[in-house]
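The values are calculated or read from the model by the stated rules, or taken from the named source; none is laboratory data. Computed from a prediction, not measured in an experiment: that's the story for all the values here. Cβ placement follows ideal geometry from the backbone for every residue including glycine, while neighbour counts extend to all protein chains displayed.
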């Protein structure tokens with residue numbers, strides 16, 4: 001049977017039947033939106049259902065409980081970072097330094113578009129309340145850091161990055177610059193541009209990586 005779908009919605013006889021993939025994405029977005037405004041403590045099944053515009057029973061068709069929703073949120077953060085990496089790797093730009101700068105900016109843009117991420121990442125729920133979520137996020141960050149380290153090594157091999165620097169330390173320094181920028185942005189209640197503030201740190205970082213002449 002052919003089904004006429006428009007943006008995941010079944011248009012037969014005016015019935016709005018949203019696909020599972022679209023609904024899960026709506027739930028993810030609602031989750032981060034609620035966390036951005038109310039913190040993790042304000043995240044309830046009823047609040048998410050209301051934000052999405054569905055019944056709690058409908059929401060339970062996609063996730064068993066809040067813990068599963070938070071696990072999906074963590075997975076989406078990791079996937080977002082890896083998607084940025086794929087985008088940078090597939091670019092025609094060959095210079096690893098320019099790739100790193102592009103990745104740095106994409107990371108900032110990703111967080112700025114998802115205000116709930118920093119308040120979730122820095123929350124007690126993630127640090128103490130749920131070891132499984134914490135470990136899942138740690139795995140994602142470590143995978144991301146290793147990929148950054150590979151880009152730095154490519155720059156060293158190509159002669160655009162100082163061979164004397166510690167690639168592991170610089171990979172985590174790059175992530176650390178994003179984290180401190182994000183923390184300040186969150187503490188200031190998202191009142192400034194995270195991208196502009198964060199990119200202000202890049203030039204100094206790039207100079208530290210530069211080949212000494």
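Worth a mention:
- For the range 59-74, the tally of residues that are part of a helix (DSSP H, G or I) and crowded, with 19+ Cβ neighbours inside 10 Å stands at 5.
- Checking each residue in the range 30-46 for being in a helix (DSSP H, G or I), within 22 Å of the chain's Cα centre (by Cα) and surrounded by 14 or more Cβ atoms within 10 Å (Cβ to Cβ) picks out 30, 31, 32, 33, 34, 35, 36, 38, 40.
- Pairing residues of the range 12-30 that are in the same structural domain as residue 50 (by TED's automatic domain parsing) and within 20 Å of residue 66 (Cα to Cα) with residues that are at pLDDT below 90 and outside any helix (DSSP H, G or I), at Cβ distances under 6 Å and at least 6 apart in sequence or on separate chains, gives 22/8.
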